[in-house]
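Q: Would you mind keeping the following structure in view while I ask a few things?
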Amino acid sequence: MEYLNRTADEMLQDMLDAFGAVLIEGPKWCGKTTTAEQIARSVIKLQDTDMRDEYLTTAASKPSMLLQGDTPRLIDEWQDAPVLWDAVRTMVDSRALPGQFVLTGSNAVDRSKIHHSGNGRIARMTMLPMSLWESKESTGEVSLSRLFNEPDYDIDGCRSKMSIEDLIFAACRGGWPATLAARSKKSQLLIARNYVRTICSEDISRIDKKQRNEKLAMQILRSYARNISTLAKKTSMLADVVASGDMECSIDTFSDYVDALERLFVIQDIDAWCPAIRSKTVIRSSHKRGFCDPSIAVALMGLTPDALSVQMKTFGFIFEQMCVRDLKAYTQGIYSQVSYYHDRYDLEADFVLHLEDGRYALIECKLGSREIEEGAGHLLELKRLIREHNEKEKQMPIREPDLLIVLTGGQMAYTRTDGVKIIPLGTLKP
């Protein structure tokens, strides 16, 4: 099968040019191993059923033997033998050369099983499922990096080839590379459903060898799905879990399951952005609920493309998840961070995309043209409040947003006279 270039490719190469080893983390099935294999010159897969026992025995007795081979050497699912982390660090120190190892893993390892953080030797990067540009569905006519770097960048007339129906199917299918090999659209939709079942039946217990209840894990994930892209509190989701099943669940148990799902990179909540832009305003600081890919929520709610096509309010929340997945992918190489803003007056920005150098964009996600005016109004009001704050608080100014963007499910990009960029998600690229 043809390898489709990923936004992580360039970042991986840059990190290998600078560090002795690179750890690629992220949800299972998102393409970490395949991406690493494009650059690796030798590979060892710890979950190879024919060799697993021998690999683990060797790791327990003399782990350095598993590190011998042409470099960069890929060590896939390294967390099955955590001792390899310290062995890699030691080998990197002894060789004193960049680009020695690539480690991949689908869950965060128990830190008590490693003795050194790896700082300065092992760099970290996170992958996500494929964005629309990586799956060749976005036209890529609008570059996010050029939007930040070129004030006069003209996007007017750039077009998406994706209809609302196309976006709905892409969200239901998800960004899983395995869907590329599926033989029909119907079979493509099975990947996310199988992913969810595997997470609940196997991975959530395997991650730290703590036996967890598959049914409870599924109920917790379904509660998350019902509250996707909202600020639902853990207590309300717990009540939802208890009400929907026939088993007890305490807040501590709920938190334990959520922690495991976060370590598996399945749940990926969004933090709040809390600038003091107007006095005595309560800014909501709870997490916005989210998954690594929109298809997880779709699978958990038992939805289909046909069902979503007549539930556009629900799809609005799913669309927001697709937007944040793609935004993270497109800014991966510039160490971005995504948050949200929402105050007690319901003034909001669905996302605040922060770059490492301090620049940031306020972003609203709106499916249709009727919602664009509302989204643009929120962004302009936030910018006005920041400017007003800076006039009063000259000693502690807040940087004004560098971009105001409304991401839409429409087909044509343009810049409004007030400076707000209206951009179809199906036109974006890094």
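The values are calculated or read from the model by the stated rules, or taken from the named source; none is laboratory data. Everything numeric in this text was worked out from a predicted model, so none of it was measured. So basically every Cβ, Gly included, is an ideal-geometry build from the backbone, and we count neighbours across all protein chains shown. Note: accessible area is taken over every heavy atom of the protein model, side chains too, but ligands, DNA and RNA are not part of it. Shrake-Rupley method; radii C 1.70, N 1.55, O 1.52, S 1.80 Å.
Q: Can you pull out the trypsin sites (Lys or Arg not before Pro) in the stretch 1-65 whose DSSP state is coil and whose Cβ has at most 16 other Cβ atoms within 10 Å?
A: Sites meeting the loop and neighbour criteria: Arg41.
Q: Next question, about the same structure. Classify the stretch 111-225 as rounded, prolate or oblate from the Cα gyration tensor: take a ≥ b ≥ c as the square roots of its eigenvalues, call it rounded if a/c is under 1.5, otherwise prolate when a/b beats b/c and oblate if not.
A: Oblate, because a/c is 1.5 or more while a/b does not exceed b/c.
Q: Rounded, prolate or oblate: which fits the stretch 254-365, taking a ≥ b ≥ c as square roots of the Cα gyration tensor eigenvalues, rounded meaning a/c under 1.5, else prolate when a/b beats b/c?
A: Prolate.
Q: Now, a different point. Keeping all protein chains in place, calculate the accessible area per residue for the stretch 325-400 (probe 1.4 angstrom), answer in Å².
A: 49 Å²
Q: If you count only protein heavy atoms with a 1.4 Å probe, what accessible area per residue comes out for the stretch 1-59, rounded to a whole Å²?
A: 51 Å²
Q: Placing +1 on the Cβ of each Lys and Arg and -1 on the Cβ of each Asp and Glu in the chain, which of Ile191, Ala329, Ser131 has its Cα farthest towards the positive end of the resulting dipole?
A: Of the listed residues, the answer is Ile191.
Q: Can you give me the relative contact order of the stretch 183-319 as a percent, contacts being Cα pairs under 8 Å and 6 or more apart?
A: Relative contact order, the stretch 183-319: 29 percent.
Q: May I ask you to give the percent of accessible area on the stretch 207-260 that is carbon plus sulfur, with a probe radius of 1.4 Å?
A: 50 percent
Q: Taking the 0 to 90 degree range and rounding to the nearest ten, how far is the long axis of helix 52-61 tilted relative to the main principal axis of the chain, both from C-alpha atoms?
A: The answer is roughly 80 degrees.
Q: How tilted is helix 312-330 with respect to the longest principal axis of the chain? Cα atoms for both, answer in degrees (0 to 90, nearest 10).
A: Approximately 60 degrees, to the nearest 10.
Q: With N set to the number of residues, divide the alpha-carbon radius of gyration of the stretch 14-110 by 2.2 N^0.38 Å and report two decimals.
A: Computed over Cα atoms of the stretch 14-110, the ratio equals 0.99.
Q: Relative contact order of the chain, please, whole-number percent, based on alpha carbon pairs below 8 angstrom and at least 6 residues apart.
A: Over the chain, the number comes to 18 percent.
Q: In addition: With θ taken as phi - 60° and the coefficients 6.51, -1.76 and 1.60, list the Karplus ³J(HN,Hα) couplings across the stretch 187-203 in order, rounded to whole Hz; mark glycine and proline as x.
A: 6, 4, 6, 7, 4, 5, 5, 5, 4, 4, 4, 5, 4, 6, 8, 10, 5
Q: Let me ask another. Compute the angle between helix 369-392 and the longest alpha-carbon principal axis of the chain, please, reported from 0 to 90 degrees and rounded to the nearest 10.
A: Between the helix axis and the principal axis of the chain, the angle is about 90 degrees.
Q: Still on this model: Positive end of the charge dipole of the chain (Lys, Arg +1 and Asp, Glu -1 on Cβ, about the Cα centre): tell me which of Leu385, Thr304, Leu404 has its Cα farthest that way.
A: Selected residue: Thr304.
Q: Charges only on Cβ, +1 for Lys and Arg, -1 for Asp and Glu: so what's the dipole of the stretch 24-146 about the Cα centre, in debye to the nearest 20?
A: Dipole of the stretch 24-146, to the nearest 20 debye: 420 debye.
Q: Apply the Kirkwood formula to the chain: the hydrodynamic radius equals the inverse of the mean of 1/r over all pairs of different alpha-carbon atoms; give it in Å with one decimal.
A: With all distinct Cα pairs of the chain included, I get 23.0 Å.
Q: Kindly sort Tyr3, Tyr195, Tyr414 by accessible area of their heavy atoms, largest first, with the probe set to 1.4 Å.
A: From most accessible down to least: Tyr414, Tyr3, Tyr195.
Q: Quick one: dipole size for the chain, taken about the Cα centre, charges +1 on Lys/Arg Cβ and -1 on Asp/Glu Cβ, in debye to the nearest 20.
A: 480 debye
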